[in-house]
1. Using beta carbons and a limit of 9 Å, which pairs, at least six apart or on different chains, have the first residue in segment 219-232 and loosely packed, with under 10 Cβ neighbours inside 10 Å and the second one at pLDDT below 85 and not polar (S, T, N, Q)?
2. Keeping to segment 17-34, report how many residues are in contact (Cβ under 8 Å) with a residue 12 or more places away in the chain and part of a loop (DSSP other than H, G, I, E, B).
3. Scan segment 35-61 and report the pairs whose first residue is not assigned by TED's automatic domain parsing to the domain that holds Val122 and part of a strand (DSSP E or B) and whose second residue is surrounded by fewer than 20 Cβ atoms within 10 Å (Cβ to Cβ) and not polar (S, T, N, Q), with Cβ atoms within less than 9 Å and a gap of 6+ or a chain change.
4. I'd like the full set of residues that are farther than 21 Å from Leu166 by Cβ and surrounded by fewer than 16 Cβ atoms within 10 Å (Cβ to Cβ), limited to segment 116-129.
5. With the condition kept exactly as written, say whether any residue in segment 17-29 is modelled with pLDDT under 90, among the acidic types (Asp, Glu) and at positive phi.
6. Considering only segment 142-186, how many residues are of a type in the set (D, E, K, R), touching a strand residue (DSSP E or B) at 6+ places or on another chain (Cβ under 7 Å) and loosely packed, with under 15 Cβ neighbours inside 10 Å?
7. For segment 143-176, which residues satisfy the criterion of being under 16 Å from the mean Cα position of the chain (by Cα) and assigned to a strand (DSSP E or B)?
8. Might you let me know whether segment 135-144 holds any residue that is assigned by TED's automatic domain parsing to the domain that holds Trp88 and closer than 14 Å to Pro95 by Cβ?
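The values are calculated or read from the model by the stated rules, or taken from the named source; none is laboratory data. What you are looking at is a predicted structure, and each value in this text was computed from that prediction instead of being measured. Glycine gets a Cβ as well: all are built from the backbone with ideal geometry, and neighbour counts include every protein chain shown.
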Amino acid sequence: MELPSTEDLPCSDDTPVDNEDQNLLPNLLLFVLASIWAERMDWYFGVDMAVYHTTGVSPKVPVVPDGFLSLGVERKKGGKSRRSYAVWEENEIVPILALEMVSHQPGGEYEEKMAIYTGLGVLYYIIYNPEFWRRDRQQPFEIYKLTDGQYQQQIGEPYWMPEVGLGMGRSQQIVGGIEQEVLAWYDEGHNVYPLPETAMHQMREQLRVQKQQAQVERQRAESERQRAERLAEYLRSQGIDPDNLPE
């Protein structure tokens, strides 16, 4: 069977995310990984990208993880950015890790996608469900490892993945001037890899600008209040009640 080229296949499934973290958190993982493995050229981390494979209903029907990691592939395939990831164009290397983030509308993370990743042979499957885990009767952060053809839930957080050489877990970090829970990489000693200093500097600068803007707005509001008070005093001096002006 002649397999299609990624040049002719959609890069995603065009399904919009229903909250900003579905895009933000995988991109933060990519950003930090680019710092941790800056010297390595044998990995690729995709965000909301179609993964085409031959273990499903059709090689033209992809699975689209919120994030995925492949090892032993070029960071830039042929020196170019990927539009999508086709296993048959990557020396049959499947992602070693897939990440799904559960949103307001359940997307089959615990059933259909788990079955797809099992058939594809993804070693680690991570499900992040910070808001709806009680609804789904699950835990907010779960890592599954493929063992003897079945996913077995792993215990411990952060969880060390020796085949990846990194651990993953949750962490409280400052993002865009706001502290929030994010997914983070960890070393073997359970030490978190924070956002790179350049990003932290940019975020601190953004916070400084926001504070300046807030101060300017407060000053403007105070100036308007004082102006209104002066106008009211002038009207009273002219025998006019400022609270009962004609329409």
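1. From segment 219-232, no pairs qualify.
2. The qualifying residues number 3.
3. none
4. Scanning segment 116-129 gives a single hit, Gly119.
5. No: segment 17-29 contains no residue that is modelled with pLDDT under 90, among the acidic types (Asp, Glu) and at positive phi.
6. Adding up the residues that qualify gives 1.
7. Of everything in segment 143-176, those that are under 16 Å from the mean Cα position of the chain (by Cα) and assigned to a strand (DSSP E or B) turn out to be Met168, Gly169, Arg170, Ser171, Gln172, Gln173, Ile174, Val175.
8. Scanning segment 135-144, I find at least one residue that is assigned by TED's automatic domain parsing to the domain that holds Trp88 and closer than 14 Å to Pro95 by Cβ, so the answer is yes.
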